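To start, the structure under review is shown below, and the notes come after it.
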Amino acid sequence: MDKLLEKKSILVVGAGGLLGAKLVLAILQQGAKVIATDINVELMCGRLSSLGVDLENPSLICSELDITKEVSIKSFFSDKNQQIIDGAVNCAYPRNKTYGKHFFDVSIDSFNENLALHLGSAFLFTQQCAAYFQQRKKPFSLVNISSIYGVIAPKFEIYDNTSMTMPVEYAAIKAAIQHLNKYVVAYVKDSRFRINCVSPGGIFDHQPEVFLEAYNAQTNGAGMLRVDDAIGSILYLLSELSQYVTAQNIIVDDGFSI
């Protein structure tokens, strides 16, 4: 039986992150070549290695890429030595040092900077993926990562008795990414160029027990997701199984957003 992504070449941006690193492993296991990129190649390679990824695998290329810099993105896609890319996943999560404050503590400068970093880089990367497709006119599937909080209002009560909150920047950015996808798909208007979103629920990262219990009560029993739980939907969107699925958002949250 053929693997899901046999003979494809997939670019993963933010491959040193929690989701990105696991995704690199999963895509390799599905028979694709992977171009794994991050702003810090050393840290990315360390995380990939810790997951059991063979860094000497001929199907893996590790490369530096700063998704917030226009010159970096454009240079990457214009590299004449670059192998053909059939799809991409943007797992990058750029943010400033004051990101994540409570609503009334967020300054306009910090808010604008985070929008520029995260939403701006999502726009830039999506734009350059579209430009790359326009040059090649070969099938290309882009998956951007949104969130349940790009779909519904935060359930602030689950943060009670913790120092945590749901950052306003995050909600604004993740909602905007979903509409950005629709805009670009409508603009390019070619069945061979697809952009979709996956919106995971909360992902477990050793949050306080009181929060985990409150979050779990809002789901159908699974509670916080493992990173792996969002990967199947991403692989589906990269594959030919989703050939005419475009500008859609797949929510993976065990009922949290119901």
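No lab work stands behind these numbers, since they all come straight from the coordinates. None of these values were measured; they are calculated from a predicted model. Note that we place each Cβ from the backbone using ideal geometry, even for glycine, and neighbour counts take in every protein chain shown.
Summary of computed values
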quantity: Ordering of 144-151, 42-49 by packing [mean C-beta count within 10 Å, highest first]; calculated: 144-151, 42-49
quantity: Total charge dipole magnitude, the stretch 9-252, about the Cα centre, Cβ charges on Lys, Arg, Asp, Glu only, Debye to nearest 20; calculated: 960 debye
quantity: Cα centroid separation - the stretch 1-62 against the stretch 191-227, whole Å; calculated: 22 Å
quantity: In nm, spacing of pseudo-spin labels at Glu6 and Asp105 (7 Å Cα→C-beta vector); calculated: 5.4 nm
quantity: DSSP bridge orientation in the chain - percent antiparallel, rounded to nearest 5; calculated: 0 percent
quantity: Calculated FRET value between Gln29 and Glu209, using beta carbons and R₀ = 30 Å, to 0.05; calculated: 0.35
quantity: Computed [θ] at 222 nm, deg cm²/dmol, the chain (DSSP H ≥ 4; -39,500 (n - 2.57); rounded to nearest 500); calculated: -11000 deg cm²/dmol
quantity: Under the span-like rule (Cα at least 27 Å along the axis, Kyte-Doolittle mean at least 0.0), DSSP H helices of the chain; calculated: 168-188
quantity: Compactness index (Cα Rg / 2.2 N^0.38 Å), the stretch 9-252; calculated: 1.00
quantity: Positive dipole terminus of the chain, leading residue within Ile148, Ile173, Gln30 (C-beta point charges); calculated: Gln30
quantity: Environment charge at Val53 (Cβ cut-off 11 Å; Lys +1, Arg +1, Asp -1, Glu -1); calculated: 0
quantity: Ser49-Lys69 pseudo-label distance in nm [points 7 Å out on the Cα-to-Cβ vector]; calculated: 2.4 nm
quantity: Selection from Ser75, Phe204, Leu65 lying farthest towards where the dipole of the stretch 9-252 points positive, charges on Cβ; calculated: Ser75
quantity: Packing-based exposure ordering (other Cβ within 10 Å, fewest first) of Thr219, Thr98; calculated: Thr98, Thr219
